[in-house]
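The values are calculated or read from the model by the stated rules, or taken from the named source; none is laboratory data. A quick note: this is a predicted structure, and the numbers were derived from the prediction, not measured. For neighbour counting, all protein chains shown are included, and Cβ atoms are generated from backbone atoms with ideal geometry for every residue, glycine included.
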């Protein structure tokens, strides 16, 4: 580990009344990040060191940043998961450097019945949580297509993408029939072709009022309709997915993908179980390219084909149906 020498800089700030100028001190901390190794900046807090920000995988370039005055050091973690990205939703608005809101009225290819809106009525940050809300608000797009429900779909596309890692979300799902909350991943570039030839990883899916279980899955193979999937379900032993927050996670490597809830692994799929119709000589394909995260709540659709659930049967006062997300965290393995 390295203890760093910091340059003291005085930064001006305005008082709340905007009538006087005061100063506060900050330091510029810089270090050369060795290529291929993870680096974690830490600051002394009494007799302990605390992490500052996310771990950085070095490229050989110098890393610089301004921080409160203090004593800093850089460590090189190894043999452990390190936090490389996350959102705790502690502010007052959605962090658009991490998430974008999608506008879409075409049902995701699953006969879903919601319009995804960018309006903050349907996705907002409050009380340290992200809320994705479904309302019985109809919307008609310019081509005349009408959806009877409005919701939101957020994604990290071109803002955050990763190949392999541990992806973790703490969330509480809505419990209305026909309501379909999901946390999932898609490839950013789709190098092997259209869905699902380039893969899909489903971290959390909840089937309407069947909140006693949650499901996870992967989709792969060829482009539709030659696609294949593998799925599994977890049964909650006590409070179900709508009664309490639970931690849903996927650990993804070139060799295997595992799903867990509250630290309990309920499914593992190995590379021998999936394949790419295009990259037949690559045993890890299609799950070895950068993927981005998606958070959304859909309504009805093919996910409910073998059930009698339908959101139209919900009472008017059952809305909004709200998916609450406490945090999203991405870790990668430091060798």
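Tabulated data for the structure shown
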read-out: Residue identified as surrounded by 20 or more Cβ atoms within 10 Å (Cβ to Cβ), touching a residue at least 12 places away in the same chain (Cβ under 8 Å) and in contact with a helix residue (DSSP H, G or I) (Cβ under 9 Å, 6 or more places away or on another chain) among 287, 303; value: 287
read-out: Set 49, 85: member being surrounded by 14 or more Cβ atoms within 10 Å (Cβ to Cβ), part of a strand (DSSP E or B) and within 17 Å of the chain's Cα centre (by Cα); value: 85
read-out: Flag if residue 90 is surrounded by 14 or more Cβ atoms within 10 Å (Cβ to Cβ) and in a loop (DSSP other than H, G, I, E, B); value: no
read-out: Candidates 298, 254 - the one that is more than 19 Å from residue 206 (Cβ to Cβ) and in contact (Cβ under 8 Å) with a residue 12 or more places away in the chain; value: 254
read-out: Selected residue (only one of 120, 93 is farther than 28 Å from residue 51 by Cβ and without any contact (Cβ under 8 Å) to a residue 40 or more places away in the chain); value: 120
read-out: Where residue 19 falls short, out of the listed (1) modelled with pLDDT under 90; (2) not assigned by TED's automatic domain parsing to the domain that holds residue 299; (3) not in a loop (DSSP other than H, G, I, E, B); value: (3)
read-out: The lone exception for residue 106 - which of (1) surrounded by fewer than 18 Cβ atoms within 10 Å (Cβ to Cβ); (2) more than 27 Å from residue 145 (Cβ to Cβ) it fails; value: (2)
read-out: Residue among 62, 75 that alone is surrounded by 15 or more Cβ atoms within 10 Å (Cβ to Cβ) and over 25 Å from the mean Cα position of the chain (by Cα); value: 75
read-out: Test set (1) out of contact with any strand residue (DSSP E or B) (no Cβ under 7 Å at 6 or more places or on another chain); (2) closer than 28 Å to residue 169 by Cβ; (3) surrounded by 11 or more Cβ atoms within 10 Å (Cβ to Cβ) - residue 34 fails condition number; value: (2)
read-out: Conditions (1) modelled with pLDDT under 95; (2) in a strand (DSSP E or B); number of the one not met by residue 70; value: (2)
read-out: Candidates 227, 210, filtered to the one that is over 21 Å from residue 188 (Cα atoms), in the same structural domain as residue 305 (by TED's automatic domain parsing), at pLDDT 95 or above and crowded, with 16+ Cβ neighbours inside 10 Å; value: 210
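Matching residues to (1) free of Cβ contacts under 8 Å to residues at least 40 places away in the same chain; (2) more than 20 Å from the chain's Cα centre (by Cα); (3) buried (at least 24 other Cβ atoms within 10 Å of the Cβ); (4) outside the structural domain of residue 240 (by TED's automatic domain parsing):
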| site | (1), (2), (3), (4) |
| --- | --- |
| 125 | yes, no, no, no |
| 138 | yes, yes, no, no |
| 144 | yes, yes, no, no |
| 161 | no, no, no, no |
